[in-house]
1. Using a Förster distance of 30 Å, how high is the FRET efficiency between Asp396 and Asp436, based on the Cβ-Cβ distance and rounded to 0.05?
2. Would you mind calculating the gained length between Asp238 and Thr126 on full extension (0.36 nm times residue separation, minus the Cα-Cα distance), in nm to one decimal?
3. Given only helices, namely DSSP H runs of n ≥ 4 each adding -39500 (n - 2.57), what is the per-residue ellipticity at 222 nm of the chain, to the nearest 500 deg cm²/dmol?
4. Would you mind calculating the gained length between Val403 and Glu42 on full extension (0.36 nm times residue separation, minus the Cα-Cα distance), in nm to one decimal?
5. Read phi for every residue in the stretch 302-308 and hand back ³J(HN,Hα) as whole Hz from Karplus 6.51 cos²θ - 1.76 cosθ + 1.60, θ = phi - 60°, with x for Gly and Pro.
6. Which peptide among 39-48, 324-333 comes first, and what is the full order, when sorted by highest mean count of other Cβ atoms within 10 Å?
7. Between Ala366 and Glu455, what is the FRET efficiency for a Förster distance of 45 Å, r being their Cβ-Cβ separation, to the nearest 0.05?
8. Which residues does the label zone of Arg448 cover in the stretch 372-399, counting backbone N under 16 Å from a point 7 Å along Cα→Cβ?
Amino acid sequence: MSIENAGGVLLLSHVGFSFMEDLVDTVMARGLKVYVLSSLPEPQHQNSRPTALSDLADDVRVTTEHVLTPRDIEDCLDHLEAAGESVLCCLTVWEGYRHLMALANARLAVPDLAEKQVLELRDKLTLRNRLADAGLSRCRAFALTPETLAERQRGTGRYFVKPVSGIASFGTFPLTSDTTWSDLRRIAAEARSDTVYASVFTTEPDTTTSHDAGFEMGFLVEDYVPGQEFSFEVIVVDGEPNVIAVHEKCEVTEAAGTVLENACLSPPTSLSRDEIATGIGWVARILDVLGLGWGCFHIEARHASSGWDLIEVNPRVGGSLISPSVAALTGGPSLLDLWLDSLLSTRGPGPNPRFSKTLAGLSFAADGTTRSRNATFFRVFFAEPGTVREVGVNDDLPLAPIVSHILLGPGDVVDSSAREVFLGQVLWRMDRADQDEILPVLLPASERAIEISYETEHR
């Protein structure tokens, strides 16, 4: 197929980034054109990033604001249509634009979640209680106010705080007796001042409330979900869920203002086949209750002796190295590949039987078994406040990584914040038959896979 005559895919970029290089490569590998719509980059990237995007894509539009709007989507599609371009679908990995992707796909007649469904998933307060009402969660959530904060702190239960509508782990942490309303105000202020994250948090003034000078923090407090943490990587086509991978979060750090997910492995080593099968069935019931018949989902959950319970439902590819990990597990397509192919496969009359068969062949069976002979492990590294002096990948490891990304360099300054600052990430693949032998050695050694030093002083 000649790319001159091919259709293309509209990619939505937040402030010029959102893994554009990976998305562009995925689209171009299919012989398709690339159209990019980006919000205005941050000041330090406003000269360089639009030029870089123009070198990547066939058509680039950059708005004058840091956040894309529904009007921007409509204007971009009008522009491409007037130029005679054929837009086959829209895709973004930035969760804050997932409802805009849904809006674009609705106009393009591509089966996808409805915009309303995406926005409902991002309301974690209502979602938690909706699933509790359906018997799919043992936890309840409540809006966090000075009164509900004090009430929970007087009790003996365990609770967790998170933004009602947020992203990643910014502002999520276990509630303790030391948590104060001032702490929450500080985190909310950081969210509002953060160009990248501000638009995805419910931290706007609310003049209808009387407490705290009329400022509604937009946080919830919920019953603490116990157990080991996992994620299900799911592609749903025409109401049929396919669990492509299950990742076990083998190291999770619950810090004062965030939760850091340090390391993941797949398939899980702490679950039996029956426990995985139960989880797959539980995920299918969640999707059914919520009416989620199309899309890609990163469903975070915990498993304890009491069974499975939800952390959250993310209507997108999981972050960090989840998608490359899936590629290593399948020996072929990544989760991003499968999501794009699921969108493109619906261009004909109904779902593509060949693609549905491919998905089924890559997925876990209902009995909890997987056909994959591979196993993966990856570690994510977070930066500390300071100025980076040196950083690099350590080549003295028991197993060579297949992917290594370093996201900061000498001279970069890391400020103290409630959101995590990624330093880098490293992915390993091994034979599943060797997983139990390799992991005990690799886990501790991987902690030094990326070596970094900081300047002695940072102001």
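1. Details: r = 23 Å, r/R0 = 0.78.
That pair, Asp396 with Asp436, gives E of 0.80.
2. Values: separation 112, 0.36 × 112 = 40.32 nm, distance 2.51 nm.
Using 0.36 nm per residue and subtracting the Cα-Cα distance, I get 37.8 nm.
3. Details: 13 runs with 138 residues, N = 459.
Result for the chain: -9000 deg cm²/dmol, rounded to the nearest 500.
4. Working: separation 361, 0.36 × 361 = 129.96 nm, distance 2.80 nm.
Residue separation times 0.36 nm, minus the Cα-Cα distance, leaves 127.2 nm.
5. For the stretch 302-308, the Karplus-derived couplings read 10, 10, 9, 4, 7, x, 8 Hz, x marking Gly and Pro.
6. Numbers: 39-48: 14.1, 324-333: 21.3.
Sorting 39-48, 324-333 by mean packing, highest first, produces 324-333, 39-48.
7. Values: r = 54 Å, r/R0 = 1.20.
Rounded to the nearest 0.05, the efficiency is 0.25.
8. 391-399
Computed from the coordinates by the stated procedures, all read-outs in this text should not be read as laboratory data. Since the model is a prediction, treat every value here as computed from it, not as a measurement. Using ideal geometry, Cβ is built from the backbone for each residue, glycine included, and neighbour counts are taken over all protein chains shown.
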